[in-house]
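Written below as structure tokens is the structure these notes are about.
The values are calculated or read from the model by the stated rules, or taken from the named source; none is laboratory data. Bear in mind the structure is a predicted one, so any value in this text is a computation, not a measurement. Here Cβ is always computed from backbone atoms with ideal geometry, including for glycine, and neighbour counts include all displayed protein chains.
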Amino acid sequence: MILWCTSSFQRRGHFIHLRDYGVMHQPGGWRMRQRIKEVLEGILKDYGESVDFKVTRPEDREFGDYTTNLPFLLAKSLKRNPVEIGEEIAKKIRIEGLEVTPVRGFINFRISKGVLQNNLLKAIEEGYGKGEGKGIKINVEFVSANPTGPLHLASARAAAFGDTLVRLLRYKGYTAESEYYVNDAGKQIDNLALSVDARIKEIEGEEYSIPEDGYHGAYIRDIARSAVETDIKEFDELKSFSVDYILNMQKETLKRFRVEFDRFVSEKWIRESGRIQRVIDGLKKAGKTFEKDKALWYRGERDRVLVKSDGEFTYIVPDIAYHTYKFERGFDLVIDLLGPDHIAHVPDLKRALTDLGYPGDSVELIIIQWVHLLKQGKLLKMSKRAGEFVTMDELIDEVGVDPVRFFMLMIKASSPLEFDIELAKKQTTENPVYYVQYSHARICSLLDHAENEGYRDLTPEGFENLNLGEEIEILREIYHFPEFLEDVAESRDLHLIPRFLMELSSLYHNFYQKYRIVGGEKEKVVPRLFLSMAVKNLVKTGLDLMGVSTPERM
RNA sequence: GCGCCUGUAGCUCAACAGGAUAGAGCAGCGGAUUUCUAAUCCGCUGGUUGGGGGUUCGAGUCCUCCCAGGCGCGCCA
């Protein structure tokens, strides 16, 4: 059996040869949490009770790998002392490789060293922590900025989050597709084309005026110039020309940012597809509409207009139609990443979808809060119309893709993010991005060194020698990685990924600083190299998911 | 006015469907390198979780009132 490793071993054509040692195929493995749950469920049955207990990782690592609050909950219904119950239950639990300790009403579980050590061999494989196929199709829509200008900061955050979410969902075995909704119809597109038209007139020396709600950015002149060269005449033509131009600009920016969408869906196309009428008809048929003041209304908690008195649709109609298109394609779950200004209409959207016979509850909303840009402690105001705003490109130019993606993901999506541009730039030494990347580069360098010292065909044995406190702590993090990713994928709390990597890197840097690996205790050299490879694999996996690069030298 | 979100160390943020002594990073102070990368490591300092009341074995987390900030509340998107 040959295992590859993304280290220098692989670069130079050396491979680690592994015979089949059996440990690879141990059943169960890191599914320990699930097994604990099952065993506890069984015991709960003996008591004839049913409570909603949980098995979690305690914050304080002193308490072990898992803990449960079951005794407290049971104490309530049984009217008994939780401490007693804890001791009683703990005695009944027998899981191999797991030490069970009742402590003041909690039951704590500690994974044995042997299990942690054996797990190491799995952890150096590519795809460690990957989930099995789930048979669930998920659509993730994000960015979806109006095609009227360059992408700005909020889009950068949405792009980083959405892209990482898709990567993570795929890694955990879901079928996930990324999607961008292009609002290429409606009044703002008319304004765009009118603005471009004005600049065309300017170029041609004619009299011109920018419309009141027009766009003033420099890119409008670029489009005008290009339109003149291409000899665009018709207004409709100019509209689609302008939209295409800007959409391509946006795509370029996204590409730089390492984000590529699976699909772009045009609002114009949705409108022309006949789905609009089907939505209107469907809602009428469901008896959810009424007419008032020559307009068609949708009855909800707050009534909304669907068709204006002039016959135009309000934006919610194509929005509903668009979502029916998502469900038509067989997605089990539809995730929308939206800014805080768009929250309000989601309940109506869900209700309308349900009224139309679609699973409206399968629309999940994730709010991506605003990004405030701080420069020298001052908040920069952004106005798209006035053309004064920091674009995503400018931010990338200034700070670099890696720090931007890392910083955008570091904070919970639902919290506003204060992005201090000076700090992100200045922080070359204290920057957490480099801190994490450095652990990767450091290990690459270590492996190079090891190779030069003659450590080539490594045999994975002697893992039982990894028994120092520092070594065990690292093995523990490695062990929990798959479950950790599982939790993150389900909770969508992506900010935990950079945090995990910082913690892991910290443990490793600490260990590295304290102990000599290659020149150190002989029986520990090879096991420690494996330990390092596993850490590197985790860091690489995590940074890959975040779309952050993993340099081998720094 | 009504609704939603936020308020945690000097700063930026964590705390996983209420759980154990509220944790990191940065900043500040003091130390560590003849060594596989010092972009590193170790130690110290730092808190009435905006405030009051309530729910219970247990509250940063849930309820309620108040204070401060943000965002929504169109036949705009």
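Inspection of region A:503-516 finds a residue satisfying the criterion of being closer than 28 Å to A:Asp163 by Cβ, among the aliphatic types (A, V, I, L, M), within 22 Å of the chain's Cα centre (by Cα) and buried (at least 20 other Cβ atoms within 10 Å of the Cβ). Taking residues in region A:75-90 that are in the same structural domain as A:Gly42 (by TED's automatic domain parsing), and partners anywhere that are away from RNA strand B (no atom under 12 Å from the Cβ) and assigned to a helix (DSSP H, G or I), the pairs with Cβ atoms closer than 6 Å and at least 6 places apart or on different chains are A:Ile89/A:Ile43. For region A:230-243, the criterion of being crowded, with 19+ Cβ neighbours inside 10 Å, in a helix (DSSP H, G or I), touching a residue at least 40 places away in the same chain (Cβ under 8 Å) and of a type outside the set (A, V, I, L, M, F, W, C) is met by at least one residue.
Scanning region A:298-333 for residues that are aliphatic (A, V, I, L, M) and touching an Asp or Glu at 6+ places or on another chain (Cβ under 7 Å) turns up A:Ile316, A:Leu333.
When the test is whether a residue is outside any loop (DSSP other than H, G, I, E, B), touching a residue at least 40 places away in the same chain (Cβ under 8 Å) and surrounded by 12 or more Cβ atoms within 10 Å (Cβ to Cβ), A:Lys251 does not pass it. When A:Leu18, A:Leu3 are checked against the criterion of being surrounded by 12 or more Cβ atoms within 10 Å (Cβ to Cβ), hydrophobic (A, V, I, L, M, F, W, C), at pLDDT below 90 and in contact with an Asp or Glu (Cβ under 7 Å, 6 or more places away or on another chain), a single residue qualifies: A:Leu3.
Scan region A:203-211 and tell me whether some residue there is among the polar types (S, T, N, Q), away from RNA strand B (no atom under 14 Å from the Cβ) and assigned to a loop (DSSP other than H, G, I, E, B).
Yes: region A:203-211 contains one or more residues that are among the polar types (S, T, N, Q), away from RNA strand B (no atom under 14 Å from the Cβ) and assigned to a loop (DSSP other than H, G, I, E, B).
Of the residues making up region A:35-93, just one is aromatic (Phe, Trp, Tyr) and more than 10 Å from RNA strand B (Cβ to nearest atom), namely A:Tyr47.
Total residues in region A:254-277 satisfying the condition of being over 20 Å from A:Val196 (Cα atoms), surrounded by 14 or more Cβ atoms within 10 Å (Cβ to Cβ) and in contact (Cβ under 8 Å) with a residue 60 or more places away in the chain: the figure is 10. A Cβ distance below 6 Å, combined with a sequence gap of six or more or placement on separate chains, defines the contacts here; from region A:299-312, residues that are over 22 Å from A:Pro347 (Cβ atoms) reach residues that are in a loop (DSSP other than H, G, I, E, B) and within 6 Å of RNA strand B (Cβ to nearest atom) in the pairs A:Ser309/A:Lys294. Kindly evaluate A:Ile220 against the criterion of being part of a helix (DSSP H, G or I) and within 16 Å of RNA strand B (Cβ to nearest atom). When the stated conditions are applied, A:Ile220 does not pass them.
Residues in region A:398-407 that are assigned to a helix (DSSP H, G or I) and at pLDDT 90 or above: A:Val401, A:Asp402, A:Pro403, A:Val404, A:Arg405, A:Phe406, A:Phe407. Exactly one of (1) over 30 Å from A:Arg256 (Cβ atoms); (2) surrounded by 21 or more Cβ atoms within 10 Å (Cβ to Cβ); (3) touching a Leu at 6+ places or on another chain (Cβ under 7 Å); (4) not β-branched (Val, Ile, Thr) is unmet by A:Asn118. Its number? Here A:Asn118 clears every test but (3). Apart from one condition, A:Glu96 fits all of (1) exposed (fewer than 15 other Cβ atoms within 10 Å of the Cβ); (2) without any contact (Cβ under 8 Å) to a residue 12 or more places away in the chain; (3) more than 35 Å from the chain's Cα centre (by Cα); the exception is (3).
Rundown of residues vs (1) in contact (Cβ under 8 Å) with a residue 60 or more places away in the chain; (2) within 26 Å of the chain's Cα centre (by Cα); (3) more than 30 Å from A:Val390 (Cβ to Cβ); (4) within 9 Å of RNA strand B (Cβ to nearest atom), yes/no style:
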position: A:Leu409; (1), (2), (3), (4): yes, yes, no, no
position: A:Ala413; (1), (2), (3), (4): yes, yes, no, yes
position: A:Pro416; (1), (2), (3), (4): no, yes, no, yes
position: A:Val436; (1), (2), (3), (4): yes, yes, no, no
position: A:Leu446; (1), (2), (3), (4): yes, no, yes, yes
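Restricting the search to helices (runs of 4 or more DSSP H) fully inside region A:464-554 and requiring at least 3 residues that are without any contact (Cβ under 8 Å) to a residue 60 or more places away in the chain and either away from RNA strand B (no atom under 13 Å from the Cβ) or acidic (Asp, Glu) (or both) gives A:469-491.
Of the strands (runs of 3 or more DSSP E) lying entirely inside region A:89-183, the ones with 3 or more residues being within 30 Å of A:Asn467 (Cα to Cα) are found at A:98-103, A:106-111. Of all residues in region A:317-337, those that are under 15 Å from A:Val140 (Cβ atoms) and surrounded by 19 or more Cβ atoms within 10 Å (Cβ to Cβ) total 9. Only strands (runs of 3 or more DSSP E) whose full extent lies in region A:299-381 are considered here, and the ones with at least 3 residues that are of a type in the set (A, V, I, L, M, F, W, C), in contact with a strand residue (DSSP E or B) (Cβ under 8 Å, 6 or more places away or on another chain) and within 10 Å of RNA strand B (Cβ to nearest atom) are A:304-307.
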